[in-house]
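Report on the structure given below.
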Amino acid sequence: MQLDMTKIIFLLLIALTVSLDNGLGKTPPMGWNSWNKFHCDINETLIKETVDLLISTGLASKGYHYVNLDDCWQIDRDKTTN
């Protein structure tokens with residue numbers, strides 16, 4: 001009986017693995033984080049230049065599809081006005 005239950009669980013795990021073959025997670029999310037380079041000095045021109053460089057250098061074709069922009073929104077968020 002124990003061997004039959006092991007076989008059933010094994011087959012269910014295989015079926016679950018096959019059913020999740022939807023293309024997600026085949027590669028890690030790859031991107032570039034602007035904070036390490038520009039900190040709070042972000043503007044529209046810089047954003048466009050960064051994205052253009054991601055494409056022109058070939059990084060976009062290698063899987064880099066995201067540019068994570070941190071524009072320091074949190075700095076003034078918790079300030080209270082008197």
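Calculate the spin-label point distance for ILE47 paired with ILE9, positioning each point 7 Å from the Cα along the beta-carbon direction, and give it in nanometres.
The two pseudo-label positions are separated by 5.1 nm.
Please compute the length gained on full extension between CYS40 and LEU24, using 0.36 nm multiplied by the number of residues separating them and subtracting their Cα-Cα distance.
2.5 nm
Calculate the all-directions average of the projected area of the stretch 30-72's alpha-carbon convex hull, and give it in nm².
2.8
Computed from the coordinates by the stated procedures, all read-outs in this text should not be read as laboratory data. Computed from a predicted model, the values in this text were never measured in an experiment. Cβ: placed from backbone, ideal geometry, glycine included. Neighbour counts: every protein chain shown.
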